[in-house]
Structures are given as C-alpha cells and as structure tokens.
Amino acid sequence: MKNAKILNPIKFYIKKINKLLPYPKSVKKSILESLEQDIVEAMEDTNNPDPTEVFGDPYTVAKNLSHSKGLGISPVGFGIRTVAYFIDFFLSLIVCIILIILTVFLIGPHVVYETNPIVFIAEFLLLILGLISGIFVFFGYPILLEGLFSTTIGKKLFGLIVIDVSGIRISWKQAIIRNLPKTQAEFLFFDVLIGKYIQKTTNQRALDQVAETLVVRVKS
Amino acid sequence: MNHQDLLHKWQTEFKKGFSKPLILQSLSEGKNYPYPLTKKIKELSNGMISIAGSNIYPMLTNLEKEELIASQSVEITTKEGKTKKRNIYEITEEGKEFLEHLKLSMQEFTEVIQKIIYP
C-alpha cells in the first residue's frame with residue numbers, strides 16, 4: 001500500500017521529465033530507469049510523497065540528465081541543415097500548392113457563378129480560409145513540427161532535433177522565434193551569416209542564439 | 001543582507017568545492033549508486049554537505065570524464081519484481097592515486113588557511 005502511494009507520483013514525475021527530453025526512447029530508457037530508482041530511494045528515505053520536493057523540479061532534473069549524459073552536445077553544421085531545410089521547403093510547398101489548388105478548383109467555380117449573396121459570402125470566406133490554410137502550412141510547418149516533436153521531416157531524415165541550449169525540449173515561443181526568418185529565403189541567408197559571425201563554434205543562426213536553441217544530431 | 005543570509009551564501013559557495021573530493025572518498029570505500037552516494041556524503045559530513053537531487057549526475061559525469069571514476073549499467077530487480085537498469089559507479093585506480101594526492105594537498109591547504117585565520 002505504501003509502495004503504491006509512492007509509485008504513482010513518481011511515474012507522473014518521470015513522465016514530465018521524459019516529455020522534456022526530446023531524444024529517442026532507446027537513448028532515454030536506461031537513463032530514466034536509473035533515475036527512477038534514485039527517486040524511489042530518496043522518497044522512501046525522506047518519507048515525502050512529493051518527488052519535486054525530494055528531487056527538485058523536473059526542468060532542473062531534465063537539464064542535469066541531458067547535460068550529464070551528453071545527449072545533445074554536438075551541434076550539427078549548416079551543410080546538412082541546408083539539405084534538411086530544402087526537403088522541408090519542398091514538402092510544405094507541395095502541401096501548400098495542393099491545398100490552394102483544391103480550394104480554388106472546388107470552391108472557386110461555385111463562388112464565380114453563385115447568385116445567392118449569403119451562399120456567395122460563405123463560399124468566398126471558405127475560399128479565403130482554404131488559401132490562408134495553404135499559406136499557413138507553408139510558413140507554420142516548421143513551427144508546428146518543431147513545437148510538437150522538436151524536429152521536422154527533413155531533419156528527422158538526418159537524425160537531427162532542435163533543443164534548448166540547456167539540452168531540453170524547446171518551447172512554442174522558441175519554435176516561433178527560430179523559424180521567423182524562414183518566411184523569406186534572404187532573411188535566412190543573413191540569419192546564418194550573422195549567426196556564424198557572432199558565434200563560430202555552435203553553428204547557431206542569429207535567431208537560434210536569440211531563441212537559445214541548438215540543432216543537434218541525436219545518439220542512436 | 002543580514003549576516004545569517006550572507007553566511008549561508010558563503011557556505012554554499014565553499015561547500016561546492018568539497019563535493020567532488022567527498023564523492024571520490026565515498027567511492028573509495030566501495031561501489032555505489034548516485035542517490036545512496038549523496039546520502040552517504042550527507043551522513044559523513046553530519047548533514048553539512050548535501051548534494052541536492054539530480055545535481056550529482058553532472059558531477060559524476062565530470063569525474064568520469066577525468067577518468068577518476070567509472071560507471072557500469074547493471075540490471076537490478078525492483079520491489080515489484082521488475083528488472084530495470086541502473087548505473088553504478090566505482091573509483092578507478094587512477095582515481096585512488098589522485099585521491100591520495102588530493103588528501104595531502106587539502107590537508108596542506110587547510111593547515112595554511114587555519115594558520116592565517118587563527119594565528
């Protein structure tokens with residue numbers, strides 16, 4: 001009974017830490033198992049049912065684990081990231097074009113020949129919505145995927161992920177900041193140049209430095 | 001800042017310097033897992049030095065990088081009968097030699113400091 005009481009908050013706590021570490025399960029499994037044993041012992045010793053009070057907040061623990069296990073220490077160069085960027089660019093462009101074409105061809109003719117003003121407005125709004133969602137896919141794709149999975153399809157193909165400089169998962173705010181220059185290829189070019197000029201060793205774009213993010217290759 | 005707070009701040013600063021030597025000393029007495037190691041250090045220092053939560057992991061990694069300790073992943077059986085992996089740490093031969101040098105150096109250092117503070 002005592003064990004059951006202690007184990008549930010631990011599972012919850014470990015789950016939080018697990019979520020903060022955007023690395024493959026194969027890499028994290030043994031690290032988290034080892035951590036769990038330490039937490040169980042610490043909680044039994046102190047007779048405290050709150051793992052955060054006994055072991056510290058999940059953010060600090062995740063940072064310490066990432067740092068000590070060297071999970072995300074080697075930032076990758078711009079060469080491989082450029083290839084990943086173009087894969088993502090074409091993927092999102094294809095989806096964007098499909099969405100726009102579908103919207104225009106399916107809704108467009110109805111709008112043109114519609115005589116009822118209410119239906120016309122509804123179809124016109126739908127057309128605009130379709131076009132906006134197409135554009136959103138194009139610009140929002142890296143933000144959405146990096147915010148949710150810390151990677152994009154292009155990056156995933158090369159085993160790359162985006163992490164916070166402390167080694168943990170990036171936040172939505174960081175995903176938005178670091179992807180702002182991707183709306184214009186020229187911005188991205190200068191972003192890389194300025195980033196390289198300011199910080200030569202970490203392969204961070206200027207906005208990677210502002211967002212405090214790194215692109216690293218995950219251990220397999 | 002009152003003296004009590006200031007004293008606490010200064011103590012925290014100089015205690016940090018003793019954590020790694022104490023980890024080495026504890027491991028020289030036998031292999032151990034991270035949490036039991038922090039517990040042992042706390043006991044040895046009468047609660048004066050306590051390494052909070054996960055802060056021991058980066059220290060162990062640093063010592064491992066310096067080849068003073070080594071880790072091994074071992075399979076253990078939990079109270080629920082599940083098999084899980086856990087890292088156990090032990091001092092290396094180089095670590096033992098270094099610890100002897102470190103002890104002498106620390107002794108010399110504390111003697112000098114004591115002579116200055118309590119002439």
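The values are calculated or read from the model by the stated rules, or taken from the named source; none is laboratory data. Every value quoted in this text rests on a predicted model; they were computed, and no experiment measured them. Cβ atoms come from the backbone with ideal geometry, glycine included; neighbour counts cover every protein chain shown. Note: accessible area is taken over every heavy atom of the protein model, side chains too, but ligands, DNA and RNA are not part of it. Shrake-Rupley method; radii C 1.70, N 1.55, O 1.52, S 1.80 Å.
Give the residue that is nearest to the other protein chains (Cβ to nearest Cβ), with candidates limited to residues of the stretch A:40-52 that are over 14 Å from A:Lys16 (Cβ atoms) and among the charged types (D, E, K, R). Per the stated criteria, the residue is A:Glu41. Pairing each residue of the stretch A:66-87 that is of a type in the set (Ser, Thr, Tyr) with any residue that is at pLDDT 85 or above and open to solvent by 50 Å² or more (accessible area, probe 1.4 Å), provided the two are 6+ apart or on different chains, yields C-beta distances under 7 Å for A:Ser74/A:Arg217. Scan the stretch B:32-83 for residues that are hydrophobic (A, V, I, L, M, F, W, C), more than 8 Å from chain A (Cβ to nearest Cβ) and exposed (fewer than 14 other Cβ atoms within 10 Å of the Cβ) and report the count. Matching residues across the stretch B:32-83 total 2. Mind checking whether some residue in the stretch A:106-113 is at pLDDT 75 or above, surrounded by 15 or more Cβ atoms within 10 Å (Cβ to Cβ), outside any strand (DSSP E or B) and in contact with an Asp or Glu (Cβ under 7 Å, 6 or more places away or on another chain)? So far as the stretch A:106-113 goes, no, none of its residues is at pLDDT 75 or above, surrounded by 15 or more Cβ atoms within 10 Å (Cβ to Cβ), outside any strand (DSSP E or B) and in contact with an Asp or Glu (Cβ under 7 Å, 6 or more places away or on another chain). Within the stretch B:34-54, residues that are over 17 Å from A:Glu36 (Cβ atoms) have Cβ atoms under 9 Å from residues that are of a type in the set (Asp, Glu) and open to solvent by 60 Å² or more (accessible area, probe 1.4 Å) in these pairs: B:Lys40/B:Glu29, counting only partners at least 6 apart in sequence or on another chain. B:Asn87 meets the stated requirement of being at the interface with chain A (Cβ under 10 Å from one of its Cβ atoms), of a type in the set (S, T, N, Q) and out of contact with any Cys (no Cβ under 7 Å at 6 or more places or on another chain). Checked against (1) more than 18 Å from B:Asn62 (Cβ to Cβ); (2) more than 7 Å from every other protein chain (Cβ to nearest Cβ), A:Gln37 passes all but a single condition, namely (2). Among the residues of this structure, B:Met1 does not count as one that is hydrophobic (A, V, I, L, M, F, W, C) and in contact (Cβ under 8 Å) with a residue 40 or more places away in the chain.
Taken as a whole, the condition of being within 27 Å of A:Arg217 (Cβ to Cβ), more than 10 Å from every other protein chain (Cβ to nearest Cβ) and either open to solvent by less than 20 Å² (accessible area, probe 1.4 Å) or not in a helix (DSSP H, G or I) (or both) applies to A:Ala84.
Of all residues in the stretch A:1-30, those that are modelled with pLDDT under 90 have Cβ atoms under 6 Å from Cβ atoms of residues that are assigned to a helix (DSSP H, G or I), 6 or more apart or on another chain, in A:Ile6/A:Met43; A:Pro9/A:Pro51; A:Ile10/A:Ile39; A:Ile10/A:Pro51.
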